[in-house]
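Q: Quick one: this structure, given as C-alpha cells, is what I'll be asking you about.
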Amino acid sequence: MLDALDITHPRENKVLEDSILRNGGLMLSEQPIGVKANPSRLVARNRLQAALSEAVILAQCPAQSGSLHTMRFARKYGRESLAATFRQRTEANSGNYDLIEQNLAKPI
C-alpha cells in the first residue's frame, strides 16, 4: 500500500491506510521518506506483502500483472497461493487461470 511511509500508492487507498492505523495496524516500508513509486519499488512492496502473509489470494489479474510478482514471492516463501475463479476466462482474469493451470495456485 505504501512506497515511502509518507506516500500512499495508489492514492485512493488513503482512507484504508488511515483506518488501518486508527485500528492499531502497521504501515511498513523499506523506502526512505519522500520516495515515490516506480516498478522496482512496487515489486519490493509485493515481496513484503507476501512475506508477512499466511496466504496470498489473487483476486483478478491479466496474464501480465504486477500481482504475479506477489504470487511468485508467496510460493518462494512457502505461503499458500490461492486464485479466484470466474464463470468464464477473460483477458482480465487470465493470470488467475494461468497460475491454476500450472499448479502454482489453488482455485477458490
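The values are calculated or read from the model by the stated rules, or taken from the named source; none is laboratory data. The structure displayed is predicted, hence computed values, not measured ones. With ideal geometry, Cβ positions are generated from the backbone for all residues, glycine too; neighbour counts draw on all protein chains shown. Surface accessibility is based on the protein's heavy atoms, side chains included, excluding ligands, DNA and RNA. Shrake-Rupley method; radii C 1.70, N 1.55, O 1.52, S 1.80 Å.
Q: With +1 on each Lys and Arg Cβ and -1 on each Asp and Glu Cβ, and nothing else charged, work out how big the dipole of the chain is about its Cα centre, in Debye to the nearest 20. Present the calculation step by step, with values, prior to reporting the outcome.
A: Details: 14 positive and 11 negative charges, 32 e Å.
Dipole magnitude for the chain comes out near 160 debye.
Q: Sticking with this one: Which whole-number value in Å³ per residue fits the convex hull of the alpha carbons of region 13-63?
A: Numbers: hull volume 6.7 nm³, N = 51.
Taking the convex hull of the Cα positions in region 13-63, it is 131 Å³ per residue.
Q: Positive end of the charge dipole of region 1-96 (Lys, Arg +1 and Asp, Glu -1 on Cβ, about the Cα centre): tell me which of V35, L16, M71 has its Cα farthest that way.
A: Final value for the positive-end residue is M71.
Q: For the residue pair L26 and R75, what label-to-label distance in nm results when each label sits 7 Å from Cα along the Cα-to-beta-carbon direction?
A: For L26 paired with R75, the spin-label model returns 2.7 nm.
Q: Given springs between every Cα pair under 10 Å in a Gaussian network model of the chain, which of V43, V15, V56 has the largest fluctuation?
A: Sorting by GNM fluctuation, first place goes to V15.
Q: In region 19-108, which GluC sites (Glu not before Pro) are in a loop and have at most 11 other Cβ atoms within 10 Å, using DSSP for the loop call?
A: On the way: sites: E30, E54, E80, E91, E101; in loops: E30, E54.
Sites meeting the loop and neighbour criteria: E54.
Q: Next up: So for region 65-106, Kirkwood radius off the Cα pairs, Stokes-Einstein at 25 °C and 0.890 mPa s: how many µm² s⁻¹? Don't skip to the end; give the middle numbers.
A: Numbers: Rh = 10.5 Å.
Estimated diffusion coefficient is 234 µm²/s.
Q: While we're here: With each label point set 7 Å from Cα along the Cα-Cβ vector, what nm distance links Q102 and A55?
A: 2.2 nm
Q: Would you kindly calculate the translational diffusion coefficient of region 36-81, applying Stokes-Einstein with the Kirkwood radius from alpha carbon pairs, for 4 °C and a viscosity of 1.567 mPa s, and quote it in µm² s⁻¹ without decimals?
A: On the way: Rh = 10.6 Å.
D, rounded to a whole number, is 122 µm²/s.
Q: For K36, go through the lysines and keep the ones whose alpha-carbon is under 27 Å away, minus same-chain ones fewer than eight residues off.
A: Result set, ordered by chain and number: K14, K76.
Q: Further question: Angle check, please: helix 67-76 long axis (alpha carbons) against the longest principal axis of the chain (alpha carbons), in degrees 0 to 90, nearest 10.
A: It is inclined by approximately 80 degrees.
Q: Grab the beta carbon distance between S94 and E12, set R0 = 30 Å, and tell me the FRET efficiency rounded to 0.05. Mind dumping the intermediate values first?
A: Working: r = 25 Å, r/R0 = 0.82.
That gives a FRET efficiency of 0.75.
Q: Now for a separate question. Over the Cα atoms of the chain, Rg to Rh with Kirkwood Rh, two decimal places?
A: On the way: Rg = 14.8 Å, Rh = 14.8 Å.
Answer for the chain: 1.00.
Q: Now a separate question. Could you please state how large a percent of the accessible area of region 1-80 is carbon and sulfur, counting protein chains only and using a 1.4 Å probe?
A: On the way: 2770 of 5110 Å².
Exposed carbon and sulfur together represent 54 percent of the surface.
Q: Going by alpha carbons, how many degrees (0 to 90, nearest 10) lie between the helix axis of 39-51 and the longest principal axis of the chain?
A: 80 degrees
Q: Loop sites only, by DSSP: take the trypsin sites (Lys or Arg not before Pro) in the chain that have at most 14 other C-beta atoms within 10 Å and name the longest stretch containing none of them.
A: Values: sites that count: K36, R87, R89.
Between the exposed loop sites, the longest stretch runs 37-86.
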